[in-house]
Amino acid sequence: MQKKVTFITQAGIIAALYVVLTMFVQTVNLASGAIQFRVSEALCVLPFFTPAGIPGVVVGCFLSNILLASPLPDVIFGTLATAIGAVLSYMLRKHRFLVTLPPVFANALIIPFVLKFAYHVDGALWFFMLTVGAGEVLACVGVGSLLITALMPVRSRIFGDAYSPKNTVS
């Protein structure tokens, strides 16, 4: 029972952080669009520490897209891109650097189609793949790597026994 409560609490806190960070970045109009730096996507690396990171970022992304009044295809496929990135990050959790890459690829491949067909943004899909991918590299690889480094010394206090350090490759 205690593990379920911890899991739900961690997922809820991660979801709340995702929403707050997204809304903060939206104040400078960078949470969505062809040029975006959704810093909240850095939280997609949290499955490195806990499986609760997966539902945390998925729910956070879903709620953020609703609060941003995103079109339904963005709510669905934007959330799907984040879910794919988080799940694949969890699968790569034994590799500290590789865990940062799945959200980059998932979003760079899916979100350009959302921009083109849901938002009717003019431009080439390859250009949107580059711009969305660049924003994801900054958020997930850049900020996400810093987040992992900052959390490593306190991981057991924050994530408890969900984190298994003995099987991690730096």
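Nothing in this text is a laboratory measurement; each read-out follows from the coordinates by a stated rule. Predicted model, so just to flag it, every value in this text is computed and none were measured. Glycine also receives a Cβ, built like all others from the backbone with ideal geometry; neighbour counts cover every protein chain displayed.
Of all the residues in the stretch 89-103, those that are more than 19 Å from Met152 (Cβ to Cβ) and surrounded by fewer than 20 Cβ atoms within 10 Å (Cβ to Cβ) number 1. The set of residues in the stretch 33-53 that are small (Gly, Ala, Ser) and crowded, with 24+ Cβ neighbours inside 10 Å comprises Ser40, Ala42, Gly53. Checking each residue in the stretch 114-137 for being in a helix (DSSP H, G or I), touching an Asp or Glu at 6+ places or on another chain (Cβ under 9 Å) and of a type in the set (A, V, I, L, M, F, W, C) picks out Val114, Leu115. Here Tyr90 does not fit the description of being aromatic (Phe, Trp, Tyr) and touching a Cys at 6+ places or on another chain (Cβ under 7 Å). Among residues that are of a type outside the set (Gly, Ala, Ser), surrounded by fewer than 19 Cβ atoms within 10 Å (Cβ to Cβ) and either over 19 Å from the mean Cα position of the chain (by Cα) or in a helix (DSSP H, G or I) (or both), Val154 is included.
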